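Enquirer: There's a structure below that I have some questions on.
The values are calculated or read from the model by the stated rules, or taken from the named source; none is laboratory data. Everything quoted here is computed from the prediction, not taken from an experiment. Because the Cβ atoms are built from the backbone with ideal geometry, glycine has one as well, and the counts that use them run over all protein chains shown.
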Protein chains: 4
Amino acid sequence: MSQRTPLHTDIAWSTPEAIGVHGHDLCNDLLGEVNFGDMAFLEVTGRLPTPPQSRMFNAILVTLVEHGIVPSTLAARMTYAGAPEAMQAAVAAGLLGLGSVFVGSTEGSARMLAQAFAAPDDGPAAAAGADLPALAEAIVRTHRTQKKIIPGLGHPIHKPVDPRTVRLFAIAEQTGFHGRYVALMQAVAQAASAAFGKPMPINATGAIGALCCEMGLSSQVSHGLGVMARAVGLVGHVLEEARRPMAVELWHRAEDEATAHMRGRLHGQASPSREP
Amino acid sequence: MSQRTPLHTDIAWSTPEAIGVHGHDLCNDLLGEVNFGDMAFLEVTGRLPTPPQSRMFNAILVTLVEHGIVPSTLAARMTYAGAPEAMQAAVAAGLLGLGSVFVGSTEGSARMLAQAFAAPDDGPAAAAGADLPALAEAIVRTHRTQKKIIPGLGHPIHKPVDPRTVRLFAIAEQTGFHGRYVALMQAVAQAASAAFGKPMPINATGAIGALCCEMGLSSQVSHGLGVMARAVGLVGHVLEEARRPMAVELWHRAEDEATAHMRGRLHGQASPSREP
Amino acid sequence: MSQRTPLHTDIAWSTPEAIGVHGHDLCNDLLGEVNFGDMAFLEVTGRLPTPPQSRMFNAILVTLVEHGIVPSTLAARMTYAGAPEAMQAAVAAGLLGLGSVFVGSTEGSARMLAQAFAAPDDGPAAAAGADLPALAEAIVRTHRTQKKIIPGLGHPIHKPVDPRTVRLFAIAEQTGFHGRYVALMQAVAQAASAAFGKPMPINATGAIGALCCEMGLSSQVSHGLGVMARAVGLVGHVLEEARRPMAVELWHRAEDEATAHMRGRLHGQASPSREP
Amino acid sequence: MSQRTPLHTDIAWSTPEAIGVHGHDLCNDLLGEVNFGDMAFLEVTGRLPTPPQSRMFNAILVTLVEHGIVPSTLAARMTYAGAPEAMQAAVAAGLLGLGSVFVGSTEGSARMLAQAFAAPDDGPAAAAGADLPALAEAIVRTHRTQKKIIPGLGHPIHKPVDPRTVRLFAIAEQTGFHGRYVALMQAVAQAASAAFGKPMPINATGAIGALCCEMGLSSQVSHGLGVMARAVGLVGHVLEEARRPMAVELWHRAEDEATAHMRGRLHGQASPSREP
């Protein structure tokens, strides 16, 4: 047997009289004192937020909760239709689609901005904000050359501006989080709009990516914020599905249409199928 | 620290030169010698099947693989649309809906039949098959009184008979698994048809529940067979979704229709939404 | 094709300039105005909380976030070890274990209390709180007769009292949610302690079940609160696993111990195995 | 509303008397005629295997079923401990860890080999097998330069050879699938062993990657084979967990050790915790 690495956690422990979470006494310091968003901040940073951090962080999470009828909420509703006794499984099914396509752009824009200031040759000078337009143009150029999408820009519906971005950046001004990452993201949007000859507004994921950088949260944490916030929204969708279902109707329509071309092939019979 | 219970598994182990699975040498005894269904039999029973067991068991698994466009395959497709980089997550999302509504009836009919012969007061006499019609009538009466659905009977499409049941029971005759559980299930179907005044054919899940009893497989195992077989089918659907997608189209249609009544409420604007 | 049922949601919609969530303007009414817990309240009830509701509800969610190293956090950590590129899958894996064993008791105690006051023959009189001790004794008696565990009572560590319950009920007094359901839960604890001859304190899940009833939240919603709160905690554990892993060490230890009895069976070789 | 794309599937359909799967009559052509592995072949390729394809394909699946106590089986067991009523969720949790770390190497080696022969500048000449050693050396050099692991080589236990590879390649000879991809994989192993100065045997995932190429299966399909085969193995582990559990013991040990350093911080009490 190889040598053992000790198992270690700093998150939580308990005694008969008390429970500790990230160094705080749950019952005396947290319950009734901090809100759910502050508790989430504690979970991802290991410390409680200051009031401005609390306001900014809660606004970010609130933005991410609800996106209406999208593939992940439909996956949750489909799962609930088959296993209504296990609501947690429906929420989990919904989370599983939060991959590279829909939620990845928050993480992507956070990483893009963090790397821009961390790049050794741009270094402290760039960090001082000396030449954001040049930095932004370099980012746009690199993405165009590599035929990559610039994360956090553009929206099919919210144009010419995404109203969430406007509001989040206003809160950032009020709370002191409107710094160089937000400025760089705005410069990137401007450079991209010029380069592509059409408005490329900062969407909500781009705004949140920049604000995560301002708050010192890693790109991995930014992905985690999307996951936890969507879990809240998915519970809402599962509860609506229980009250007013759409999964079974959608299934029947999809099956009827998608198999119409095949029916009648066997024995000349044509009728919709529902396998139990 | 409380006293330790030793950790123990009998499933698999390995040495540099060999791998053992349920007591068999993987490389010399299993690879190239047994098929995937036999391996599944080994996993759930701990022993390899006899040829008749192999034929019956493989037929059961093959029946359970594919059910076309159903909620679980749609959940998998929706998940793939959001996270195409993680095929395993799409398959997992599909499995999560295999709960009480769609797959539970295999487990339910297996349990119903096993309990009928296990009931102490019916005991060995009943087990001898003395009076199956009476036993079946008691089952139907109990379910009607408790307003419970009799698991494994009826089908919205396959009537007056489910062709899978016919074929599975024919294979059962050929392989020696057409015994008292199958006979009781048939008696239950007859009693139910008389009681409800309409054909109540044994559907595929009822047939498989009875055949699992014949093979000595528990109702929990019967649920496990559904789960593993559907995993195979879900891979097929994810691969088709990759080639010819339907998830995004279905999402757009669902969102447009489901939110039509709300658009225009804010600022008098009406247009479909797609939140990234 | 059968007649179509219209698809319908009341949760969210959007226009180019605005996004609506449960009837509220996301950007103007919610962002920066409500915290993450209030947003969760909106998701599960369709309305924003009053200040007392907000304080009570946030305290409930904060209680449910973190439970340290438990099976669900270990499942998440094991999953992260295999698929670090898909954090959402690790969180989902953790949620899947929130079933009948660990989280079900919140839902169970909420249902028990709701049914006590809803029972037709106890009816309005009982609802008026006429005889809580008698109602509590009936509940304890029924559970003992049916050999069922009374949900929400007892704790292996937190005895003679669960400090979370003390604090949650104090907040309930301050916010006006210390009503008949809390009183009945307390009476049940007293009756159970007398019946079993040992302290049976109300644990956190029992307290939260009672408080959900006080706030008019269904037992299904109470389960949903556990799911969303644990999603937050699971993100915290996945982030710690990324910084300071324990999954691989735990795997190696478990495998070595659990397979020790089998090694050497094949070819006389003994060594631990790690299959990639 | 944008123009509709028709929904379409070619997988399955049914009539009252028959069910079609990938163009075959399920009851007459498949049940009792093909084994579970052949059905899996039909799902991923759309056609039934020839006898040699059937033997090779079943051997590949059988290899992938069981890997003993590993992170994914532990995640499944942890999940079952919390939600024993939902076996499908435990299997799903186990699948979620089949990401880049443990199962990805099958897909990786399949992609590496496919690209080697598809590269335009190596083109038909290379495809003719003209100079496999040179092709192999180029692959090893590229991976070393980019500091990437060569997928499918090396094993912590099975050395100097992986017995599964030996057996799979022997079956490949018997069934006619020992072609240029297997030869290239062997050349890569040889070149890597020379370059690194130590034995770098082809492990099972490397062998399967090569054999998938020989069978004309894409790298995405090769990942799917791992997912479906592990689903079978995970059912076996969940059933063993139900008979002889290890999850709760492992949890208690992990929690006790990992939190030992924190206990006593609050109120000077020290005792292990178990939050329900």
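Enquirer: Within the stretch A:1-53, how many residues are without any contact (Cβ under 8 Å) to a residue 24 or more places away in the chain and over 29 Å from C:Asp162 (Cα atoms)?
Expert: Residues meeting the conditions: 8.
Enquirer: Same structure, new question: Need the failing condition index for C:Gly268 against (1) modelled with pLDDT under 95; (2) at the interface with chain A (Cβ under 10 Å from one of its Cβ atoms), just the number.
Expert: Against the list (1) modelled with pLDDT under 95; (2) at the interface with chain A (Cβ under 10 Å from one of its Cβ atoms), C:Gly268 comes up short only on (2).
Enquirer: Could you list, in sequence order, the residues of the stretch B:203-262 that are of a type in the set (S, T, N, Q) and assigned to a helix (DSSP H, G or I)?
Expert: If the condition is that a residue be of a type in the set (S, T, N, Q) and assigned to a helix (DSSP H, G or I), then B:Thr205, B:Ser219, B:Gln220, B:Ser222, B:Thr259 are the ones that fit.
Enquirer: Go through the stretch A:148-180 and report how many residues are in contact (Cβ under 8 Å) with a residue 60 or more places away in the chain, part of a loop (DSSP other than H, G, I, E, B) and either in contact with a Ser or Thr (Cβ under 9 Å, 6 or more places away or on another chain) or not small (Gly, Ala, Ser) (or both).
Expert: The qualifying residues number 1.
Enquirer: Can you name every residue in the stretch C:27-45 that is under 27 Å from the mean Cα position of the chain (by Cα) and either closer than 18 Å to A:Lys159 by Cα or in the same structural domain as C:Ala229 (by TED's automatic domain parsing) (or both)?
Expert: none
Enquirer: Just to be sure before I move on: is B:Glu33 within 8 Å of another protein chain (Cβ to nearest Cβ), touching a helix residue (DSSP H, G or I) at 6+ places or on another chain (Cβ under 9 Å), surrounded by fewer than 22 Cβ atoms within 10 Å (Cβ to Cβ) and closer than 18 Å to D:Leu168 by Cβ in the structure I sent? Write out each step before concluding.
Expert: Values: within 8 Å of another protein chain (Cβ to nearest Cβ): no; touching a helix residue (DSSP H, G or I) at 6+ places or on another chain (Cβ under 9 Å): yes; surrounded by fewer than 22 Cβ atoms within 10 Å (Cβ to Cβ): yes; closer than 18 Å to D:Leu168 by Cβ: yes.
In short, no.
Enquirer: Now for a different question. Is it the case that D:His143 is over 22 Å from D:Pro52 (Cα atoms), modelled with pLDDT of 95 or more and in the same structural domain as D:Met215 (by TED's automatic domain parsing)?
Expert: On the way: over 22 Å from D:Pro52 (Cα atoms): yes; modelled with pLDDT of 95 or more: yes; in the same structural domain as D:Met215 (by TED's automatic domain parsing): yes.
Yes: the conditions hold for D:His143.
Enquirer: Within the stretch C:196-211, which residues are surrounded by fewer than 23 Cβ atoms within 10 Å (Cβ to Cβ) and hydrophobic (A, V, I, L, M, F, W, C)? Even if it seems obvious, please write down each step before you answer.
Expert: Restricting attention to the stretch C:196-211, the residues satisfying the condition of being surrounded by fewer than 23 Cβ atoms within 10 Å (Cβ to Cβ) are C:196-199, C:201.
C:Phe196, the sole residue that qualifies.
Enquirer: Next up: Collect the residues in the stretch B:157-195 that are hydrophobic (A, V, I, L, M, F, W, C), facing another protein chain (nearest Cβ under 9 Å) and over 19 Å from D:Gly20 (Cβ atoms), keeping them in residue-number order.
Expert: Result: B:Ala170, B:Ile171.
Enquirer: Continuing with this model, one more query. Out of the stretch A:36-65, which residues are of a type in the set (S, T, N, Q) and surrounded by fewer than 22 Cβ atoms within 10 Å (Cβ to Cβ)?
Expert: A:Thr45, A:Thr50, A:Gln53, A:Ser54 - these are the residues of the stretch A:36-65 that are of a type in the set (S, T, N, Q) and surrounded by fewer than 22 Cβ atoms within 10 Å (Cβ to Cβ).
Enquirer: Return the residue satisfying two criteria in turn: it lies in the stretch A:11-30 and is more than 7 Å from chain C (Cβ to nearest Cβ) and acidic (Asp, Glu), and of such residues it is surrounded by the fewest Cβ atoms within 10 Å (Cβ to Cβ).
Expert: A:Asp29
Enquirer: Across the stretch C:39-59, which residue is nearest to A:Gly236 (Cα to Cα) among those that are in contact with a Ser or Thr (Cβ under 6 Å, 6 or more places away or on another chain) and more than 8 Å from chain A (Cβ to nearest Cβ)? Spell out how you get there, then give the answer.
Expert: Let us first name the residues in the stretch C:39-59 that are in contact with a Ser or Thr (Cβ under 6 Å, 6 or more places away or on another chain), namely C:52, C:55-56.
Retained after the next criterion (residues that are more than 8 Å from chain A (Cβ to nearest Cβ)): C:52, C:56.
Numbers: C:Pro52: 22, C:Met56: 19 Å.
Only one residue fits best here, namely C:Met56.
Enquirer: Please work out which residue is nearest to C:Ser219 (Cα to Cα), limiting yourself to the stretch C:60-110 and to residues that are more than 7 Å from chain D (Cβ to nearest Cβ) and among the acidic types (Asp, Glu).
Expert: Among those that are more than 7 Å from chain D (Cβ to nearest Cβ) and among the acidic types (Asp, Glu), it is C:Glu107.
Enquirer: Confirm whether D:Met228 is at the interface with chain B (Cβ under 8 Å from one of its Cβ atoms), more than 23 Å from the chain's Cα centre (by Cα) and at pLDDT 95 or above. I'd like the intermediate steps shown before the answer.
Expert: Values: at the interface with chain B (Cβ under 8 Å from one of its Cβ atoms): yes; more than 23 Å from the chain's Cα centre (by Cα): no; at pLDDT 95 or above: yes.
No.
Enquirer: Being closer than 24 Å to B:Gly37 by Cα, in the same structural domain as D:Pro151 (by TED's automatic domain parsing) and either touching a residue at least 60 places away in the same chain (Cβ under 8 Å) or touching a Cys at 6+ places or on another chain (Cβ under 6 Å) (or both) is true for just one of D:Ala110, D:Ala90, D:Ala86. Which residue is that?
Expert: Answer to the check: D:Ala90.
Enquirer: In the stretch C:156-168, which residues are among the hydrophobic types (A, V, I, L, M, F, W, C) and surrounded by fewer than 19 Cβ atoms within 10 Å (Cβ to Cβ)?
Expert: Residues satisfying the conditions are C:Ile157, C:Val161, C:Val166.
Enquirer: Okay, next question. Working carefully through the options D:Ser193, D:Ser219, find the one that is polar (S, T, N, Q), touching a residue at least 24 places away in the same chain (Cβ under 8 Å), farther than 30 Å from C:Gly97 by Cβ and surrounded by fewer than 23 Cβ atoms within 10 Å (Cβ to Cβ). Please lay out each step first, then the result.
Expert: Numbers: D:Ser193 fails: touching a residue at least 24 places away in the same chain (Cβ under 8 Å).
From the options D:Ser193, D:Ser219, the qualifying one is D:Ser219.
Enquirer: For D:Lys198, state whether it is away from chain B (no Cβ under 11 Å), over 19 Å from D:Phe102 (Cβ atoms) and modelled with pLDDT under 95.
Expert: yes
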